[in-house]
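S.K.: I have a structure I would like to understand better, so I am pasting it below and will then ask my questions one at a time.
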Amino acid sequence: MAHKLAASVMVYAFGALATASALAQANLTPQQIDHMIRAEWKEHEIVPSAPVDDAGYLRRIYIDITGSIPPAQAAEDFISDHAPDKRQKAVEALLDSPGYTNQWTNYWDGVLMSTARSQVIDRGAFRLWLRTQFDRNTPWNRFVYDLITARGQNSLGGTYQETMMAGIQTAQLNPGETGSINGATNWVLKYQGKPEDLSGTASKVFLGVQIQCAQCHDHKTEKWKQADFRSFTANFINTRSKQIDVGMVKGGIRRVDLEDVNRPFQPRGKKAVSIADYAAASPAALDGTDFSGVANRRQSLASWMVADDNPWFANAIVNRMWGHFMGRAFVEPIDDFRPSNPPVMPELMNELSADFKASGYDLKHLIKTICLTQAYQVGSSAAAKPGMDNTYWAKYRLKPMAPDQLLDSLVQATNVKPVLEQTVGANLDQIRLQLERQFQFLFDVDEEFEQKDFEGTIPQALMLLNGGLVNSSVRPIPGTALAEVQGMQASDAEKITSLYLRTFSRNPTEAELKRWVTFVNAPRDTVNGGRIAVAGRQGAAAMGKGGKKNAPNTGFNPLARASNQLQRAESTPKDQAYEDLFWALLNSSEFLFNH
């Protein structure tokens, strides 16, 4: 009850801030944005890429908004739809889909938590809190205020794996029902005993200001000084965690109660002595606003951070979201706003920020506005005259899918989820966690910095070429995509088209169709027991620009049971040709990139 009451107090304290920004009306249109960008193109003599076609646009918004490629039927329906407003309707539908919640839960879990683990961090509770915010479309200023000021109990207890699975399952069944647990506290607890890291991250992520650069000493050429950093950090110095679980907690999450203690700091131990300088500083905001006499420093700082007149807050999230969707932000890196690193097209960034504030800090409104611009809808092929480093978004930048996006897209393309549910049952969430960790380790993509070129690694290539999930997924296990395709009463051309829609979200060209029809009907040697023929794999690699399977499959393989059962059946040369074809499509750059 005490925790729920505390939450109510925070809601009341935030009330004036939450409603003030809704007084204006959002009115910036995608057409106005395009007009400003076209003016820059004209001034710099830039000729943009041709517009992306319907298939490419649908795949693009699916990956950018929901974190996965579209289902084959959705791609087929969209391509055949001739309604003039179908792109707008598709964006709106995705913003209201569960995929939107999943994508941004994964995104912000990665930004805020990364790989953090400790006995007091409940990742499941934190992910559930994130899911709740995006499911409810919580205004961004409210989201940040609640996170910065989070207090209360961190967890119901349990092991790391149990809390992660509980967080996923509860969020799916009943988003938002967290009882008296405040999952947001786990982000603050990540920095327990290190208020300097908490303040540096809060400033960098939510204000785009890397004040932590002044932590050790002053820089002659930069605005922020060590005194500024210490004063900003002083706002977090009174945050403490009180243990609920006393004694040993073996292998589980230790429950604590996070609170603010408004009393003079008393250094104790080596860690306390190391932060004494922050405790001695006068708490203040980056603009010098003094919080020395306030009742709660964190709440006062959070109110200042999310205020409409804060010069950094709205710009920081607008810049981050523009970079996510457009491939390059106004300010690069996305969290490095400073006089010596000026933005590209600052007028446009400010217009978007003003519109975002007027919308009530509505992230869905911001995303929709960006996705409906013609600038977002340019193709990814080379522009006639793109300008220096594609600074003004004359072509869409190729982006490798993030680990969670790649995993979800593989599951979507191969339709292995029903098979996983049948073979592993209640352990499905556990399997997903293992796969996510494996993909995170091998395919980690950092959106913080613009990637002009993609450089794959040998482990990444081997993960796809020889990984258990990919190799088993391209077998015709009953219920999977390839089994459905091979079971179609259709021509080879229709089956190949179905595989293209499942992987690339488009129809094959006439030349591609001709080559693959010839390939699946070509004579070849087979390997007994349903093993994929090496000769056929080599041919598929040559045609699909993939690689060669030349090593045993040692990757984590949750489909091993179903795959082994299938190996007892004989495969025809044509069956194995289709396996090789599907494998080549999944290992192609067209599948791995958002384009």
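S.K.: I'd like to compare 123-131, 275-283: which one has the highest average count of other Cβ atoms within 10 Å, and what's the full order after that? Could you put the intermediate results ahead of the total?
M.R.: Working: 123-131: 26.3, 275-283: 17.2.
Listed from highest to lowest mean packing, they are 123-131, 275-283.
S.K.: Then there's this: Per-residue counts of other Cβ atoms within 10 Å, averaged by peptide: what ranking do you get for 235-241, 188-194, highest first?
M.R.: Result, highest mean first: 235-241, 188-194.
S.K.: Right, another one. Take each of the peptides 133-144, 495-506, 59-70, average the number of other beta-carbon atoms within 10 Å over its residues, and list them starting from the highest.
M.R.: 59-70, 495-506, 133-144
S.K.: Over 27 Å between Cα atoms: which of Lys204/Lys399; Lys368/Lys495; Lys204/Lys357; Lys194/Lys223 fall into that group? Kindly include the intermediate steps, with their values, before the conclusion.
M.R.: Values: Lys204/Lys399 23 Å; Lys368/Lys495 35 Å; Lys204/Lys357 20 Å; Lys194/Lys223 24 Å.
Long pairs (Cα-Cα over 27 Å): Lys368/Lys495.
No value in this document is a laboratory result; all are computed from the given coordinates. Keep in mind it's a predicted model, so treat the numbers as computed, not measured. Backbone-built Cβ (ideal geometry, glycine too); neighbour counts: all protein chains shown.
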